[in-house]
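J.: Sharing a structure here in structure tokens format.
Laboratory data are not the source of any read-out in this text; all were calculated from the coordinates shown. Source: prediction; values computed, not measured. Ideal geometry is used to build each Cβ from the backbone, glycine not excepted, and the neighbour counts take in all protein chains shown.
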Amino acid sequence: AVDSEGNFDGVPDSQIGLEPRFSCNLKISENKNAFEVLSNIASVFRGISFWDGASLSFSMDKEKDVAAIFNNHNVYDGLFNYADVASTARFTRVEVFYADAKNDYIQKSEYVEDEERIRKYGIITKANNGIGCTSKSQARRLGKYVLLSNKLETEICQFQCGNEAMLLEPGDVIRVDDDLKHFEISYAKILGVTRIPSGVYIEDIINTGSIKTGSSEGGLHTYNFKQQQ
């Protein structure tokens, strides 16, 4: 909640004012597993904590560039397995509990609803504990995030791959190009590279006229991985 120069900008609160987008106000009054506590704190800013093999690290759910591309050539047996999220895991209303700093930190709850889905599926409530949340507007933002995530994240994709997946971390964004699902091959192996004139030779399995170049949002991507001996 800062501008380009690092000055406080803020987001709207519940009383026509401004407040930080994320604020954590809590008291740890008993012994708990340190990793569990850090995971709970990370959830305040929509993040996760994980051990990357050498140190504790964090990842936040935000817009990111694609970190890796997987297709039928670089996954085991060339197969992707898809599954829909169970309908029993779907909800149409979120109840977020928070401690109201404006009223002696009394526990209250804020509801966020999807009216269109309520008319279709009825009222299915998901309770969520707003850890460290002492603001009604922050509780509402959390409820909107949880509700929208549940609405949009409807499919699970599972696959096995090689050592290139070791370059990824939890929270990274990947792209899946499955020609068995999309009925179109959008990938090919690089056979060679020329410097003068500059160019790339690829397998003759895709329509090269459909490859976009010079675009920051799409276009030609190359993926290079060398296995360490």
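J.: Bins of 10 Å, beginning at zero and ending with the bin holding the largest distance: percent of Cα pairs per bin for the range 1-103, please.
T.: 9, 22, 33, 24, 10, 2
J.: What relative contact order, as a whole-number percentage, does the range 82-159 give when Cα pairs under 8 Å and 6 or more residues apart are counted?
T.: 43
J.: How large is the translational diffusion coefficient of the range 92-162 in µm² per second when you combine the Kirkwood radius over alpha carbon pairs with Stokes-Einstein at 25 °C and 0.890 mPa s?
T.: 183
J.: Peptides 148-161, 97-110, 52-65: what's the order by average Cβ count within 10 Å, highest mean first?
T.: 97-110, 148-161, 52-65
J.: Which entries in Lys62/Lys120; Lys32/Lys144; Lys27/Lys102; Lys27/Lys62; Lys62/Lys144 show an alpha-carbon gap greater than 23 Å?
T.: Over 23 Å Cα-Cα: Lys62/Lys120; Lys32/Lys144; Lys27/Lys62.
J.: Along Cα→Cβ, 7 Å out, is where each label goes; now give me the distance between the ones at Lys120 and Thr194 in nm to one decimal.
T.: Result: 5.3 nm between the two label points.
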